[in-house]
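The values are calculated or read from the model by the stated rules, or taken from the named source; none is laboratory data. Note that the structure is predicted; figures quoted are calculated from it, not measured. No Cβ is skipped: glycine too gets one built from the backbone with ideal geometry, and neighbour counts run over all protein chains shown.
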Amino acid sequence: MPDFSSIIRSIHTELDRNTHRGKVATYIPELAGIDAENFGIYLNCISGEDHKVGDWDKPFSIQSISKVLSLAQAFSIEGNSIWQRVDVEPSGNPFNHSSLLELENGIPRNPLINAGALVIADVLVSKLKHPKEEFLNYVRNLTNDDSIAFNTKVALSEKRTGYKNYAAAYLLKSFGNLNNDVETVLDFYFHQCALEMNCQQLTNAFYFLANRGYCMRNHAFLTESQVKRINALMLTCGFYDEAGEFAFEVGLPGKSGVGGGIIALLPNQYTIATWSPGLNEKGNSHLGMQALEQFTTATKLSIF
Ligand code: GLN
């Protein structure tokens, strides 16, 4: 086995010297003040080992990473019928683009771009009696951690400024692909994006996708076939118009968020989370992408 501890430490030390760290997302005002100097890595191995470095224990806004968790919950409740309302193709477009949505009659390219996540949010709003609470409980159970919560300030901040998400939701509505009202679906979506976790909690939350559907307490959350499909979507769509680059450089299923977090995993081996809030021009963490590239290169542990 590679010496994980010294590998992640040396990656962290080397990248942390970087003065070019990308730009913190400012379009959600509440996120604009986050210090770009934060940088943490947490590795959670299925064998039981874990390794950590830097700011791994500071909570951050997981943003789009939450789309995988809402998809998992919707998939487990609704089964394959969700694929009638959302496709499984990479978009090659930024996360908040709506041009393909219009061209393709309101069927979003995949559930990991904003429009697709709004359809998944609509499924959960329809199926759950208390959607926000039940989604939060789902994530807490998955992670075995009741301290996980929404940051309401972040949710409200995005509610005030999330015009592109309003536009996408109205477009979906105009095509008949949103059953609930726009405000209710967006309120749910902005809250799911405003979940806060640290790197360790994130690796715990995603453990089930590296462990054939079983969480760290060994409870089944998805079937193996459903896990395969979600991991395939993360590999092909998890980084929007940089999904090819992530597969090329890193070679793992993963998901990024504009809060600067990235989660990635190697089935049956590990989940790994990085957090560095500076983003590249595609909206993915600048240092996080590099850290994961160096990690899979040094350990030779990618799906390829
Ligand atoms: N809440 C953000 C949005 O909808 C999530 C985007 C992201 O993390 N890429 O714009």
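Within the set of pairs 6+ apart or on separate chains, which have a first residue in the range 55-68 that is assigned to a helix (DSSP H, G or I), a second that is near the ligand (Cβ under 8 Å from one of its atoms) and modelled with pLDDT of 95 or more, and C-beta atoms under 6 Å apart? Going by the 6 Å Cβ cut-off, the qualifying pairs are Gln63/Cys193; Gln63/Gly257; Gln63/Val258; Gln63/Gly259; Ser64/Gly257; Ile65/Gly257; Ser66/Cys193; Lys67/Ala117.
Looking only at the range 43-80, count how many residues are touching a strand residue (DSSP E or B) at 6+ places or on another chain (Cβ under 9 Å), closer than 21 Å to Asn218 by Cβ and more than 14 Å from the ligand (Cβ to nearest atom). Total meeting the criteria: 7. Say whether the condition of being part of a strand (DSSP E or B) and surrounded by 15 or more Cβ atoms within 10 Å (Cβ to Cβ) is met by at least one residue in the range 26-40. Checking the range 26-40: at least one residue is part of a strand (DSSP E or B) and surrounded by 15 or more Cβ atoms within 10 Å (Cβ to Cβ).
Just wondering, is there one or more residues in the range 26-40 that are in contact with a Leu (Cβ under 7 Å, 6 or more places away or on another chain), more than 30 Å from Asn165 (Cα to Cα) and more than 16 Å from the ligand (Cβ to nearest atom)? Among the residues of the range 26-40, not one is in contact with a Leu (Cβ under 7 Å, 6 or more places away or on another chain), more than 30 Å from Asn165 (Cα to Cα) and more than 16 Å from the ligand (Cβ to nearest atom), which makes the answer no.
Within the range 251-304, how many residues turn out to be assigned to a helix (DSSP H, G or I) and within 17 Å of Ala205 (Cβ to Cβ)? Before the answer, list the steps.
Let us first name the residues in the range 251-304 that are assigned to a helix (DSSP H, G or I), namely 286-299.
Restricting the remaining residues to those that are within 17 Å of Ala205 (Cβ to Cβ) gives 288.
Going through the range 251-304 one residue at a time, the tally reaches 1.
Considered as a group, the residues in the range 73-108 that are in contact with a Pro (Cβ under 7 Å, 6 or more places away or on another chain) and at pLDDT 95 or above include one that is surrounded by the most Cβ atoms within 10 Å (Cβ to Cβ), and that residue is Val86. The set of residues in the range 249-304 being more than 15 Å from the ligand (Cβ to nearest atom) and aliphatic (A, V, I, L, M) consists of Val250, Leu252, Ala264, Leu265, Leu266, Ile272, Leu287, Ala291, Leu292, Ala298, Leu301, Ile303. Restricting the search to helices (runs of 4 or more DSSP H) fully inside the range 126-196 and requiring at least 2 residues that are within 14 Å of the ligand (Cβ to nearest atom) gives 152-161, 163-174, 182-193.
Would you mind stating whether Met216 is in contact (Cβ under 8 Å) with a residue 12 or more places away in the chain, in contact with a strand residue (DSSP E or B) (Cβ under 8 Å, 6 or more places away or on another chain) and of a type outside the set (S, T, N, Q)?
Taking the combined requirement at face value, the residue does not satisfy it.
Close Cβ contacts (under 9 Å, 6 or more residues apart or on different chains) running from residues in the range 6-28 that are basic (Lys, Arg) to residues that are in a helix (DSSP H, G or I) and within 16 Å of the ligand (Cβ to nearest atom) comprise Arg21/His286; Lys23/His286.
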